[in-house]
1. Using a 1.4 angstrom probe on the protein heavy atoms only, could you order SER227, SER212 from most to least accessible area?
2. Please report how far the C-alpha centroid of region 182-224 lies from that of region 140-163, rounded to the nearest whole angstrom.
3. Taking the mean number of other Cβ atoms within 10 Å as a proxy for protection, how do you rank 196-202, 105-111, 20-26, 138-144 from highest to lowest?
4. Above 14 Å lies some portion of the pair distances; for region 178-254, what is it as a whole percent of all C-alpha pairs?
5. Let me make sure I get this right: for region 123-254, a, b and c are the square roots of the gyration tensor eigenvalues over alpha carbons, sorted descending. Under 1.5 in a/c it's rounded, otherwise prolate if a/b > b/c, else oblate. Which is it?
6. Could you please tell me the mean projected area of the C-alpha convex hull for region 83-135, averaged over all directions and given in square nanometres to one decimal?
7. In Å², and per residue, what accessible area does region 73-168 have when probed at 1.4 Å with the other protein chains present?
Amino acid sequence: MIRGLYTSALGMITNMQRMDVITNNMANADTTSFKRDHVVSHQFSELMMNRLHDPWSMPGLRLFHHTPVGPVAPGVFVDDVFTDWTQGSFRQTGSSFDLALQGQGFFIVNLNGEELYTRDGSFTLFNGMLLTAEGGRVQGMSGDIVIPDGIASISERGRIYVNGEYVDTLQFTNFSDLHSLRKMEDNFFRTTEDSVRIPFGGRVHQGYLENSNSSIVNEMVQMITASRAFETNSRMVTVQDQTLQRAVNDIAGR
């Protein structure tokens, strides 16, 4: 009975964490290049329940056997929060410094002295320097990208031209295992010791931005499922609490 309380409580906690992830996905459904997360849950190892001290009689001998009752699942827990790296759709903006990446890969940005990675290509110019909305300096093959006045064009390989003159080339990167990256705020990613860089093999599209791959409709369906699972576990806690109360008051009181 107590095990049932723990199992139901674990189910409630797991679905609360799932709801947090779903809510974040919904809040970022309109965020440029956002990659949705989903929860991976894992079941605790099943335990074999036995009837302890169950007497079994034989002629002239009384033995105690551990008779198996069956497996018992102690519940589930959140094993990992998994990022979905599916490519988002493109929307046309017409801005010279709105860039969308086709294929797996990242822009490289220097923010407060740290090298970070992003797929959000909504860049701006400030004093001729190409920056993210948070003030990160977009990196080119020569370091910080500085663009003179004029009409800028950017090729699919990231080569930047102003009035037909070559200026610099955007620096891209990719990773052999995208799940080794750690998601940060403002659409940035940070590497870990398991991150291995590989060349970027995609293309860049000028005048476009990548949409979020999070869908409000799909997230609403997931939210309803998690909400119902939470309510079911909550009711089970109440039922088991009432049963335990009756066992203490009615049975033990006799």
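The values are calculated or read from the model by the stated rules, or taken from the named source; none is laboratory data. Because the structure is a prediction, the values reported are computed rather than measured. Heads up, the Cβs are rebuilt from the backbone with ideal geometry, glycines too, and the neighbour counts pull from every protein chain shown. To get the accessible areas, we keep the full protein, side chains included, count just its heavy atoms, and leave off ligands, DNA and RNA. Shrake-Rupley method; radii C 1.70, N 1.55, O 1.52, S 1.80 Å.
1. SER227, SER212
2. Result: 24 Å between the Cα centres.
3. On the way: 196-202: 12.9, 105-111: 20.6, 20-26: 18.6, 138-144: 15.9.
Highest-to-lowest ranking by the protection proxy: 105-111, 20-26, 138-144, 196-202.
4. Details: 2380 of 2926 pairs.
More than 14 Å apart: 81 percent of the Cα pairs in region 178-254.
5. Judged from the Cα gyration tensor, region 123-254 comes out prolate (a/c at least 1.5, a/b above b/c).
6. 4.6
7. Roughly 50 Å² per residue, with all protein chains present.
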